[in-house]
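Q: Below is the structure I would like to discuss, written out as structure tokens.
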């Protein structure tokens, strides 16, 4: 298992699932889809989508469960975990996951609720 620090933005693929450990600690998981954009001639198109499992703990877990839903755009910062494993048939697999330190709602495509004041006349 390898760990690195990373920030990744994307859309939440399913509603976050909140659970509690036997000791009462909150843990929340959700899937994150990050799609690259690629230039094809004069236009941009969606590239490959990478799916990453995100795990949050304690207060962050509770806040994510309350504020994030399927389709939400988020920015996740945490430790990247590359988990390699072998299935029963001997097949090799690699899973990407992030143990999140912070999850923030992405504002790039969010509608603005800010009212612009009229410019004062001069």
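Every read-out reported here was derived from the displayed coordinates using simple, explicitly stated rules and does not represent laboratory data. Being a predicted model, the structure only gives us computed values, none of them experimental. Virtual Cβ from ideal backbone geometry, glycine too; neighbours counted across all protein chains shown.
Q: Projected area of the range 1-69, taken from the Cα convex hull and averaged over every viewing direction, in nm²? Walk me through the intermediate numbers first.
A: Numbers: hull surface 26.1 nm².
Averaged projected area of the range 1-69's Cα convex hull equals 6.5 nm².
Q: Residue separation times 0.36 nm, minus the C-alpha to C-alpha distance between residue 17 and residue 49: what's the value? Intermediate values should be presented prior to the final figure.
A: On the way: separation 32, 0.36 × 32 = 11.52 nm, distance 2.19 nm.
Length gained, residue 17 through residue 49: 9.3 nm.
Q: Sum -39500 (n - 2.57) across every DSSP H segment of at least 4 residues in the chain, then divide by the residue count to get the 222 nm mean residue ellipticity, nearest 500.
A: Value at 222 nm, helices only: -2500 deg cm²/dmol.
Q: Label 7 Å along Cα→Cβ of residue 67; the range 8-37 residues with amide nitrogen under 19 Å?
A: Of the residues in the range 8-37, 8-19, 26-33 have backbone N under 19 Å from the label point off residue 67.
Q: What's the ranking of 19-32, 41-54 by average number of surrounding C-beta atoms within 10 Å, highest first? The partial results should precede the final answer.
A: Values: 19-32: 14.4, 41-54: 11.7.
Those peptides, ordered most packed to least, come out 19-32, 41-54.
Q: Sticking with this one: If you line up the long axis of helix 58-67 against the longest principal axis of the chain, both from Cα atoms, how many degrees apart are they, to the nearest 10?
A: Approximately 50 degrees, to the nearest ten.
Q: On to the next question. Would you kindly state how much longer the chain becomes between residue 93 and residue 57 on full extension, computed as 0.36 nm times their sequence separation minus their alpha carbon distance, in nm to one decimal?
A: 10.4 nm
Q: Separate question: Tell me the relative contact order for the range 2-104 as a rounded percent, counting alpha carbon contacts under 8 Å between residues six or more apart.
A: 32 percent
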